[in-house]
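What follows is calculated from the coordinates using simple rules that are stated; it is not laboratory data. Values in this document were obtained by computation on a predicted structure and should not be read as measured data. Here Cβ is always computed from backbone atoms with ideal geometry, including for glycine, and neighbour counts include all displayed protein chains.
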Ligand SMILES: C[S@@+](CC[C@H](N)C(=O)[O-])C[C@H]1O[C@@H](n2cnc3c(N)ncnc32)[C@H](O)[C@@H]1O
């Protein structure tokens, strides 16, 4: 999978991809709520080569960017302008090893949580939801059970009911369940079943 992630980063580097729509929506909620706090902290879980991380830095967030791939963090380090370096902390850590996350106002997980091992997901979700302060926001994605990668026992898939249960202590602000035939980054045909979610902790 390491080489696959490296080609993923390379593809996104070349395409100059915009930040995730879910992250943009979450940021617009902060603007709408005029949450003008100093030193706002966002955790970018499974940050990859940092498209979302950079968007957050530009919006004056402090960011803890976590990924299990050293290559991802090295790319972010190399590409972070000096002016943002004090706002950024990088953590090379698989989701399954996370013992605690710091208090934060935003957890962003763009297309990364499905890659958490199912045995580690509940613990990760516990730490993630605990780290969010009151009115904190989650933005990210989950894979549904009809996804064509659903036979991969290293990955986590959810039913609609399971997703709703994860968010009982949240108000869901953006919810899209999309099923469609499409392609992976490497051009392979794939059936996508993805939940796109932004939710605010009660
Ligand atoms: C599909 S990429 C998304 C990257 C980035 N969030 C984006 O939207 O461009 C998934 C990322 O999650 C990371 N990842 C996968 N499994 C992980 C795990 N168990 N622990 C931590 N990071 C993981 C990968 O290294 C990869 O960078």
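The Rg/Rh ratio of the chain, with both radii computed over alpha carbons and Rh defined as the Kirkwood radius, is 0.93.
Compute the label zone of residue 188 within region 120-149: residues whose backbone N is under 19 Å from the point 7 Å along Cα-to-Cβ. Correct set: 143-149.
Summarising the label geometry, the points placed 7 Å from Cα in the beta-carbon direction at residue 82 and residue 96 lie 4.2 nm from one another. Taking 0.36 nm per residue of separation and subtracting the Cα-Cα distance, full extension of the segment from residue 24 to residue 161 would add 46.8 nm. The order of 44, 122, 91, going from fewest to most other C-beta atoms within 10 Å of their C-beta, is 122, 91, 44. Taking the chain as a Gaussian network of alpha-carbon nodes connected by springs under 10 Å, the highest mean-square fluctuation of the residues 137, 76, 66 belongs to 76.
To the nearest 0.05, what FRET efficiency results for residue 89 and residue 122 with a Förster distance of 22 Å applied to their C-beta separation?
0.30
With R₀ fixed at 45 Å, the C-beta to C-beta distance from residue 17 to residue 168 puts the FRET efficiency at about 0.85. Diagonalising the gyration tensor over the Cα atoms of region 102-202 and scaling each eigenvalue by 5 before taking the square root yields semi-axes of 25, 14, 12 Å, largest first. When the Cα centres of region 125-202 and region 93-107 are compared, how far apart do they sit, in Å? Taking the Cα centre of region 93-107 as reference, the centre of region 125-202 is 17 Å away.
Estimated purely from DSSP H runs of n ≥ 4, each contributing -39500 (n - 2.57), the mean residue ellipticity at 222 nm for the chain is -9500 deg cm²/dmol once divided by its residues.
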